[in-house]
Amino acid sequence: MPHVKDRSLAPMGRKRIEWATVRMPVLLGIREEYGRSKPLEGVRIAACLHVTTETANLVITLKEMGAEVRLCASNPLSTQDDVAASLVEDYGIDVFAVRGESEEEYYAHIRQCLAFKPHITMDDGGDLTVVAHTEGHYEGIWGGTEETTTGVKRLKEMEWKGVLKYPVIAVNDSKTKFLFDNRYGTGQSTVDGILRATNILIAGRVVVVAGYGWVGRGIAMRFRGMGARVIVTEIDPIKALEAVHDGYEVMPMAEAIKVANVVITATGEPDIVRGEHYEVARDGVILANAGHFDVEINKPALEGMAVQKREVRPNVVEYTLKDGRRIYLLCEGRLVNLCAAEGHPAEVMDLSFSNQALATLYIKENRTRLKPAVYTLPEAIDEAVAERKLQSMGIRIDEPSEAQLHRTWVQGT
Ligand code: ADE
């Protein structure tokens, strides 16, 4: 039996899913193409993803391709309950996800997805894959896919330690994923989440972005575009140098937080904003996290230092320190773009989820050849996704000329 909050929410969920459908033309093309041949007939897929309108379109596509799908949430606060309801009621997909579910429920839902003995796991962050391994559900799994940077890091560690039991495709590492979803998707949806939560003016504010990976770059770029003064913090000297050359101020967090109006973490690492930073933070600073796990802003330290705590708006908690300074934490330190807003827009998830859909076919077709290791999709698939996206946008590009085709680099032109 699926587990969602309220099945009567389905009509709104359905309209919102359809709103996204028309903004995902590449995925829709895959749905139409393979909806006829049904290459995933008889394949069971367990998916642990943010339950959003875009994810709905992915799992509907997988079902159209012939698969049987179970879906659970990859974050307790990102589920859109109307979407979950519609998937169950209108599309006959077994969903196990309720926004605000406890940690116990979260893992119980993951186990429900593994209970139907999937051939393929589809993950965002690695929790499904890790539970499949630690609780011994990996027999019979042909392979898995992973959506995000943090999940890929966990998988690579498992591979390195020799404990990975089946092949996993790092969808995150396709160019048509990380260059677009991580950068433009998170850039925009993080602005969206912070604005929906706080309604602050960005122009003239000091915004500190911790981490200058693809996500951090996207966030910094978008806040600068809205008139913020953006400061970047980093531990990697090369990324820090890039940020300097991109025109940002770079300094340690202990300095940056003294002048920050907003701090956004996007590192994938723990303890980025911690007690020593709260000691010197500017009064009224807003803290938000855009990384996968809620470990980047040290919440226990903030709780320990606060003399008062109250919710001042939905998704905004005010902590008052001994000396009267106030610190505002958004979404309990969880992904602000999915908790206070709706995640990345459909147009960009079209790329990520087309890769996911094609990755399932790749696993099925190559299952006897692949070893328990982390793979990326072949470049030809990456390029095909980009070509289809350009086509859907009505954008044409040049063909290589004869001279370009016959050029040899050894002899020169
Ligand atoms: N990750 C970020 N944005 C997302 C979305 N809209 N749907 C699913 N996963 C996401």
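The values are calculated or read from the model by the stated rules, or taken from the named source; none is laboratory data. As the structure is a prediction and not an experimental result, all values here were calculated from the model. Please note: Cβ atoms are built from the backbone with ideal geometry, for glycine as well, and neighbour counts cover all protein chains shown. In case anyone asks, the SASA skips ligands and DNA or RNA and just uses the protein heavy atoms, side chains included. Shrake-Rupley method; radii C 1.70, N 1.55, O 1.52, S 1.80 Å.
At a glance:
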quantity: Candidates Met393, Met65, Met305, ranked by Gaussian network fluctuation over the chain, Cα under 10 Å, top entry; calculated: Met393
quantity: Accessible carbon and sulfur surface of the chain relative to its total accessible area, %, 1.4 Å; calculated: 51 percent
quantity: Packing rank of 358-364, 19-25, where each peptide gets the mean count of other beta carbons within 10 Å, highest leading; calculated: 358-364, 19-25
quantity: Segment 228-291 and segment 332-408: distance between their alpha carbon centers, rounded to Å; calculated: 31 Å
quantity: Burial ranking of peptide ranges 317-330, 28-41 (average Cβ count within 10 Å, highest at the top); calculated: 317-330, 28-41
quantity: Within the chain, helix-based [θ] at 222 nm, where runs of 4 or more DSSP H residues each add -39,500 (n - 2.57), nearest 500; calculated: -13000 deg cm²/dmol
quantity: Nonlocal amide H pairs with Thr376, under 5 Å, H built at 1.01 Å; calculated: Ala170
quantity: Anchor Lys364: aspartates and glutamates whose Cα lies under 15 Å away (excluding residues fewer than 8 positions away in-chain); calculated: Glu41, Glu68
quantity: Whole-number D in µm²/s for segment 90-153 (Stokes-Einstein; Kirkwood sum over Cα pairs; 10 °C, 1.306 mPa s); calculated: 127 µm²/s
quantity: For the chain, built as a Gaussian network whose Cα springs stay under 10 Å, the top-fluctuating residue of Ile238, Ile45, Ile202; calculated: Ile238
quantity: Burial order of peptide ranges 157-165, 129-137 (average beta-carbon count within 10 Å, highest first); calculated: 129-137, 157-165
quantity: Shape category assigned to segment 219-349 from the gyration tensor of Cα positions, a/c cut at 1.5; calculated: oblate
quantity: Å² per residue, accessible surface of the chain at 1.4 Å; calculated: 45 Å²
quantity: Rounded to 5, the percent of DSSP beta bridges in the chain classed as antiparallel; calculated: 20 percent
quantity: Choice from Gly187, Gly204, Gly394 showing the highest fluctuation, given a GNM over the chain with Cα pairs closer than 10 Å; calculated: Gly394
quantity: Sequence-distant lysines (8 or more away, or on other chains) whose Cα lies within less than 17 Å of Lys389; calculated: Lys175, Lys177
quantity: Exposure rank, largest accessible area first [Met1, Met221, Met349; 1.4 Å]; calculated: Met1, Met221, Met349
